[in-house]
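Student: Take this structure, written in structure tokens, and hold onto it; I'll ask about it next.
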Amino acid sequence: MSISTFFGGRISVPPLLNSSASKTAPCSGGNLVIECSSRPNKKATAHHMKTRPRKSQPWDIRRKPTVYPPLPPLPPDWTVVSSISSDEIVEVAASSASSAQAPPTTE
């Protein structure tokens, strides 16, 4: 059983009676509050860093990242859009919509 169960989780400590401490920094409020925790839990990132799997085998430590072959080129009906303004986006959308609505021509 911990002391926090008797005192409701918080313990009030009276100010120090040391004369040198009272001359250097006066206490505001008079009492210090100490919150007790016998086993504090780790936060998310600290927990993941503590419990992450470690590379202990030499072959695993020396292992390099996987090198994948380059991606094939895009098909011709795909277009790469770089950074363009919103006016140009409207023009591109309008031109693609008009070409999509045009009836196919047969020769």
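Student: Just to check your reading of the model, which residue among Pro73, Pro26 is part of a loop (DSSP other than H, G, I, E, B) and at pLDDT 60 or above?
Tutor: Pro73
Student: As an exercise: evaluate Cys36 against (1) open to solvent by 80 Å² or more (accessible area, probe 1.4 Å); (2) at pLDDT below 85 and give the number of the one condition it does not meet.
Tutor: All conditions pass for Cys36, except number (1).
The values are calculated or read from the model by the stated rules, or taken from the named source; none is laboratory data. What you see is a predicted model, and the numbers here were worked out from it, not measured in a lab. Just so you know, the surface numbers come from the protein's heavy atoms only, side chains and all, with ligands and any DNA or RNA stripped out. Shrake-Rupley method; radii C 1.70, N 1.55, O 1.52, S 1.80 Å.
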